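Read through the structure below, which is laid out as structure tokens, and then see the notes.
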Amino acid sequence: SPTIHCGYLYTKRIMLMKKNALVVLMFGLLVGGFLFLFSRDSFLRFASDRPYVAGFIKFFFLASIGDLLSSYIKHKKVVLPELFSIRAIIWGCIGVLIVLMFPLYGAGVDHLMDQGLLPFEGDFFKALSVSVLMNFTFGAMMMLGHFTSDGYLDHFYETKHLGETMKRLDYVSFIRRTFFKVIPFFWIPAHTITFLLPSEYRVLFAASLGIALGFLLGLTKRMTEHGND
């Protein structure tokens with residue numbers, strides 16, 4: 001009867017909500033446990049002794065959680081993407097690259113300032129210069145590469161050819177949104193703040209930005225798929 005059917009649907013919906021709440025809670029506990037495990041002093045000590053391992057771990061977990069948050073906004077529930085473990089490993093590799101890029105761009109801007117090749121001086125303009133140069137070179141290419149790898153994994157079971165996958169991806173919309181909106185209005189200010197902080201706090205702040213990176217790239221990809229600017 002219609003009454004029984006409605007009751008069944010309502011019960012099923014409640015069970016699904018409880019399941020989703022449990023999954024979100026588990027991820028919340030995972031983040032909390034991760035941050036507790038690597039408290040300020042122990043995390044800084046670990047990151048100093050093993051910077052590449054620390055960079056891999058940070059982005060393996062935090063950027064993946066950010067990607068799951070964007071998925072939750074889209075589906076109204078937590079949906080694990082296909083080949084989720086491989087995506088997490090890719091995030092970890094990106095974390096290793098970021099460990100390399102931070103000091104590289106910092107030292108590079110110092111050298112440019114010493115040579116008089118930048119028009120301004122001071123801590124703020126140094127932080128801003130590092131952020132602008134890093135985001136419009138390494139950052140832009142990293143996000144473009146992640147967009148491609150993520151799209152490839154999305155269509156992996158349909159076609160295992162990268163060329164065919166790239167034909168399906170809307171690079172124009174992605175570049176328009178990422179290069180002209182997300183980078184100038186979010187990442188440049190965020191990383192300017194990062195490089196204004198004392199060095200002992202930069203690692204922790206950058207780790208928290210890992211969640212934002214996964215969230216924004218996942219959300220941007222999903223918005224691009226649906227043609228929303």
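The values are calculated or read from the model by the stated rules, or taken from the named source; none is laboratory data. Nothing here was measured: the structure is a model prediction, and the numbers come from that model. A quick note on method: Cβ atoms are made from the backbone with ideal geometry, for glycine too, and the neighbour counts reach across all protein chains shown. The area values use the complete protein model at the heavy-atom level, side chains included, leaving out ligands, DNA and RNA. Shrake-Rupley method; radii C 1.70, N 1.55, O 1.52, S 1.80 Å.
With respect to the numbered conditions (1) more than 17 Å from residue 199 (Cβ to Cβ); (2) part of a helix (DSSP H, G or I), which one is the sole condition not fulfilled by residue 48? Only one criterion in (1) more than 17 Å from residue 199 (Cβ to Cβ); (2) part of a helix (DSSP H, G or I) is unmet by residue 48, namely (1). Taking the conditions exactly as written (buried (at least 18 other Cβ atoms within 10 Å of the Cβ) and acidic (Asp, Glu)), does residue 154 satisfy them or not? It is true that residue 154 is buried (at least 18 other Cβ atoms within 10 Å of the Cβ) and acidic (Asp, Glu).
Across the range 170-199, the qualifying residues are those that are touching a residue at least 40 places away in the same chain (Cβ under 8 Å) and over 22 Å from residue 102 (Cα atoms), and the one among them that is surrounded by the fewest Cβ atoms within 10 Å (Cβ to Cβ) is 176.
Scanning the range 116-129 for residues that are at pLDDT 90 or above and open to solvent by 40 Å² or more (accessible area, probe 1.4 Å) returns 117, 123, 124, 125, 126, 128. Listed by first and then second residue, the pairs linking a residue in the range 137-159 that is free of Cβ contacts under 8 Å to residues at least 24 places away in the same chain and part of a loop (DSSP other than H, G, I, E, B) to a residue that is β-branched (Val, Ile, Thr) and open to solvent by less than 50 Å² (accessible area, probe 1.4 Å), with Cβ atoms under 8 Å apart and 6 or more places separating them unless they lie on different chains, are 155/165; 159/165.
When 104, 144 are screened for being within 21 Å of the chain's Cα centre (by Cα) and either more than 30 Å from residue 81 (Cβ to Cβ) or surrounded by fewer than 13 Cβ atoms within 10 Å (Cβ to Cβ) (or both), only 104 passes. The residues of the range 80-95 that are open to solvent by less than 40 Å² (accessible area, probe 1.4 Å) and either part of a helix (DSSP H, G or I) or at pLDDT 90 or above (or both), listed by number, are 87, 88, 91, 92, 94, 95. Close contacts from the range 40-57, counting a first residue that is within 19 Å of residue 93 (Cα to Cα) and open to solvent by 70 Å² or more (accessible area, probe 1.4 Å) and a second that is modelled with pLDDT of 70 or more and assigned to a helix (DSSP H, G or I), with Cβ to Cβ under 7 Å and a gap of 6+ residues or different chains, come to 52/96; 52/99.
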